[in-house]
Amino acid sequence: MTKRQMHLVAYSKTGPTARHVGGWRHPESVLDDFLKPSRYVQYARTLEDAKFDGCFFADLIGIYDIYGGSYETYVQNGGQISYLDPMVVLPVMAAETRHLGLGITLSTTFHNPYHLARWLGSMDVMSGGRVAWNIVTSAAELEARNVGGSLPPREERYDRADEVLEACCALWNSWDADAFVLDKEAGLFADPQKVHYVDYQGKWVRTRGPLPTPRSPQGRPVLMQAGSSDRGRDFAARWAEAIFTDQRSLAALQAFYEDIKGRMTQFGRRPEDCAVLAASTFVIGETESIARERAEYLRSLIKPELWAARVSGSLGADVSKIADAKGLAEQQGTQGIRGAEDRIRQAMSDKGLSLAEAVKDAKNDEIVGTPSQIADHLQYVFETGACDGFIVAPTYFPGMIEQFCRMVVPELQRRGVFRKDYTGRTLRENLLGKELT
């Protein structure tokens, strides 16, 4: 029997920092290339050399301005801004790789299904079947304002998202796999009987089709999602082939894993049809003491005001103006990422913290140790059945990613829990071990 192997996907942003808000200040952080193609080319090569399943880019339609009612804190202190549209960056990375999966975050609330299907389908064709769509319903009013709308209630956003996914899948299926004939002598380019109208009509979206974009080598992009609310978990159980989850304990991760896998059966899906990936950030040292010193130094680079601004963006509420959980709920309205809110509330409950203390406590979530210790941790979490792999988020760039790829990945490979080479031709085959059914 083949030993079960974990999956690794890198978390990315088109800026100098990703999850660690002080990482850009690290002496080894490279800042002169985050607006240049060379940065993303080298990043892609590093991940592919390490046999990562892929990377995905988080994105926001704007700049957070919830904290203090302004984007000043974010801009001045190097907040995590997507300076470039990932739609421009991914083709650069695709051209320099052959196996690495490439994911992009796009909102079902603020994009129509025809454009989504065509953008993603075109990239999937051009990359040879290596694209993933990280599906979000959006959680910030600023995004709505930037596109001239308003943010619907959470439940309504997911109802619309279901229709957008139904429409996109129908559009991706509007071409049969063998539609092209390409017979010069007979003058037959493609068989029109194998191209189909969609005529999708729902409450929120409608589209006629067909797409001008043919089916990709993997049929359609891999679907990623990160919902944590009850409605979000139902959405993930119905659609997701990869789930990005950020649980704060092994017990919470195990409970999430079992819940999602159980819900999938209610939608006629098998548990193995989706990979649950746990968010992880690392600080690596040649010795444990060196790793801990590096972790303390990295934490010293975080400006408290910027951290508060980041948490405010995730919660959809200005944490400088609220004192407790009740005030948080009153200020949020329809905004906020439920997973971020759940982590804050969990810390308040488990540790007896105030809201301000829980906000500060949320920073300290790195996995710290030697390459062997980190491999021990990942192997243990994976082999307990709490996840199918990990989302690797950098502290500073490119150093942490390079350290992980050169120091931790070989240890995981030596233990037989991570691949030494790609076996699939598409992202879906490498991530799930199968083609689209």
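The values are calculated or read from the model by the stated rules, or taken from the named source; none is laboratory data. All values derive from a computational prediction rather than experimental measurement. Cβ atoms come from the backbone with ideal geometry, glycine included; neighbour counts cover every protein chain shown. Areas reflect the complete protein model, heavy atoms only, side chains present, ligands, DNA and RNA absent. Shrake-Rupley method; radii C 1.70, N 1.55, O 1.52, S 1.80 Å.
Figures for the structure shown
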{"item": "Net dipole in debye of the stretch 55-167 [+1 Lys, Arg Cβ; -1 Asp, Glu Cβ; about Cα centre; nearest 20]", "result": "320"}
{"item": "Additional length obtainable on full extension of the chain from residue 303 to residue 178, 0.36 nm per residue less Cα span", "result": "39.4 nm"}
{"item": "Spin-label pair residue 194/residue 150, simplified geometry with 7 Å Cα→Cβ offset, distance in nm", "result": "4.9"}
{"item": "Three-way shape call for the stretch 267-318 based on the alpha-carbon gyration tensor, with the a/c threshold at 1.5", "result": "oblate"}
{"item": "Selected from 349, 367, 147, residue furthest toward positive end of dipole (the chain; charges at beta carbon)", "result": "367"}
{"item": "The stretch 157-213: trypsin sites (Lys or Arg not before Pro) in DSSP loop, at most 14 other beta carbons within 10 Å", "result": "184, 203, 208"}
{"item": "DSSP bridge pairs, the chain: antiparallel proportion in percent, nearest 5", "result": "10"}
{"item": "Proximal lysines to residue 184, defined as alpha-carbon separation beneath 28 angstrom and excluding residues fewer than eight positions away on the same chain", "result": "194"}
{"item": "Theoretical gain in end-to-end length, residue 354 to residue 186 [0.36 nm per residue, Cα-Cα removed]", "result": "53.0 nm"}
{"item": "Among the listed pairs 321/360; 321/351; 51/303; 3/434; 3/51, those beyond 26 Å (Cα-Cα)", "result": "51/303"}
{"item": "Dipole magnitude (debye, nearest 20) for the chain, charges at Cβ of Lys, Arg, Asp, Glu", "result": "280"}
{"item": "Carbon and sulfur %, accessible surface of the stretch 224-300 computed with the full protein complex present, 1.4 Å", "result": "48"}
{"item": "Where labels lie 7 Å past Cα in the beta-carbon direction, separation of residue 266 and residue 95 in nm", "result": "4.6"}
{"item": "Estimated inter-spin distance, residue 35 and residue 112, nm [label 7 Å along Cα→Cβ]", "result": "3.3"}
{"item": "Probe 1.4 Å, protein heavy atoms only - accessible area per residue of the chain in square angstrom", "result": "43"}
{"item": "HN-Hα J in Hz across the stretch 8-24 - Karplus 6.51, -1.76, 1.60, θ = phi - 60°, x for Gly and Pro", "result": "10, 10, 8, 8, 9, 9, 8, x, x, 9, 10, 8, 8, 5, x, x, 5"}
{"item": "Gained length - residue 420 relative to residue 376, 0.36 nm times residue gap less alpha-carbon distance", "result": "14.0 nm"}
{"item": "Nearest-ten-degree value, helix 338-351 long axis tilted from longest Cα axis of the chain", "result": "30"}
{"item": "Whole-percent carbon and sulfur share, accessible surface of the stretch 8-126, 1.4 Å", "result": "54"}
{"item": "Dipole axis of the chain (+1 Lys, Arg; -1 Asp, Glu on Cβ), positive-most option in 213, 83, 190", "result": "190"}
{"item": "Residues whose placed amide H lies under 5 Å from that of residue 206, excluding near-sequence neighbours", "result": "none"}
{"item": "With at most 13 other Cβ atoms within 10 Å, longest stretch of the chain clear of loop GluC sites (Glu not before Pro) (DSSP)", "result": "29-184"}
{"item": "Gap separating the Cα centres of the stretch 239-310 and the stretch 390-423, nearest whole Å", "result": "15"}
{"item": "Prolate/oblate/rounded label for the stretch 1-76 (Cα gyration tensor, a/c 1.5)", "result": "prolate"}
{"item": "Under-5 Å amide H pairs with residue 60, H placed in peptide plane, nonlocal only", "result": "82"}
{"item": "FRET efficiency estimate (nearest 0.05) - Cβ-Cβ, residue 72 to residue 345, R0 25 angstrom", "result": "0.30"}
